[in-house]
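In what follows, a structure is listed as structure tokens, so that the remarks can point back to it.
Computed from the coordinates by the stated procedures, all read-outs in this text should not be read as laboratory data. This is a predicted model, so every value here is computed, not measured. Here the Cβ positions follow ideal geometry from the backbone for every residue, glycine too, while neighbour counts run over all protein chains shown.
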Amino acid sequence: MMAMGLKKSLIAVSMASALFLGANNVMADTHGKGQMGQCGETKLADHMGEMKDHLKAYKNAAKSDDWAVMADSREALLELSASSKEETPFKAQGKSKSEQAKMKGNYQKGMEKLEDLLAQLGEAEKAKDSDKVMDLMQQIGKHTKKGHEAFKQKCDDE
Ligand code: HEM
């Protein structure tokens, strides 16, 4: 009798914790934790964070006409843009399949435009055309702002 009682309570305890863990997962989901990670903590957010550093390095190098560092930073930006293009914005999460596909397609076009601007930047560097470099930097800034307005989810802490 004692043994059965113990077994029963063990089953009860493990069922309760299974329920609790299950409930926890549901709660996590409603807070934006899905297969993509949490808002602001995705692979894409990591890539973007790195892009920010390379863009800063590019701007600093451009101020002192350091063409070699500019070329390195631009190449790093281009590589990160290509890997970012493979990701899906966090904002697409929870949308219908067709809306997700539409958003991903538009987002990819946005990343392709960034790649194109970076390629033009390479041409301007080759020609050592500082005015064109500055013009393209402005275009990249504007394009990034638009891309963030369309595809970047505002996280709770923003
Ligand atoms: C050189 C250009 C760009 C820079 C420096 C940049 C930088 C950043 C930074 C710093 C973040 C926040 C990351 C975090 O939360 O830790 C971010 C997020 C994001 N950016 Fe950009 N960005 C650039 C271009 C773009 C473009 C062109 C698009 C869209 C076409 C885009 C789409 C996004 C999205 C969707 C997020 C949210 C990440 C997610 O969904 O998980 N970005 N970006």
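Looking across region 59-73, the residues that are assigned to a helix (DSSP H, G or I) and either within 8 Å of the ligand (Cβ to nearest atom) or free of Cβ contacts under 8 Å to residues at least 60 places away in the same chain (or both) come down to Asn60, Ala61, Lys63, Ala68, Val69, Ala71, Asp72, Ser73. Within region 104-125, the set of residues being in contact with a Ser or Thr (Cβ under 8 Å, 6 or more places away or on another chain) and either exposed (fewer than 15 other Cβ atoms within 10 Å of the Cβ) or touching a residue at least 24 places away in the same chain (Cβ under 8 Å) (or both) comprises Tyr107, Met111, Leu114, Glu115, Leu118. Each residue in region 133-158 was checked for being more than 10 Å from the ligand (Cβ to nearest atom) and within 21 Å of Asp66 (Cα to Cα), and 6 of them qualify. For region 79-98, a tally of residues being near the ligand (Cβ under 10 Å from one of its atoms) and not in a loop (DSSP other than H, G, I, E, B) returns 7.
Checked against (1) away from the ligand (no atom under 14 Å from the Cβ); (2) among the polar types (S, T, N, Q); (3) within 17 Å of the chain's Cα centre (by Cα), Ser130 passes all but a single condition, namely (3). Restricted to region 99-111, and to residues there that are out of contact with any Lys or Arg (no Cβ under 7 Å at 6 or more places or on another chain) and under 18 Å from His47 (Cα atoms), the residue that is nearest to the ligand (Cβ to nearest atom) is Gly110. Against the numbered list (1) farther than 24 Å from Asp157 by Cβ; (2) assigned to a loop (DSSP other than H, G, I, E, B); (3) free of Cβ contacts under 8 Å to residues at least 24 places away in the same chain, Glu41 comes up short only at (1). Can Ala76 be described as over 27 Å from Met36 (Cα atoms) and either under 16 Å from the mean Cα position of the chain (by Cα) or not in a loop (DSSP other than H, G, I, E, B) (or both)? For Ala76, the condition - over 27 Å from Met36 (Cα atoms) and either under 16 Å from the mean Cα position of the chain (by Cα) or not in a loop (DSSP other than H, G, I, E, B) (or both) - is not met.
Among the hydrophobic types (A, V, I, L, M, F, W, C) and more than 17 Å from Lys56 (Cα to Cα), is that true of Ala124? Answer is yes for this residue. For region 128-152, a residue qualifies if it is in a loop (DSSP other than H, G, I, E, B) and surrounded by fewer than 16 Cβ atoms within 10 Å (Cβ to Cβ), and the qualifying residues are Lys128, Asp129. Selection of first residues in region 126-154 that are within 17 Å of Lys113 (Cβ to Cβ) and of second residues that are within 14 Å of the ligand (Cβ to nearest atom) and assigned to a loop (DSSP other than H, G, I, E, B), restricted to Cβ pairs under 9 Å at least 6 apart or on distinct chains, gives the following pairs, ordered by first then second residue: Ala150/Pro89; Phe151/Pro89; Lys152/Pro89.
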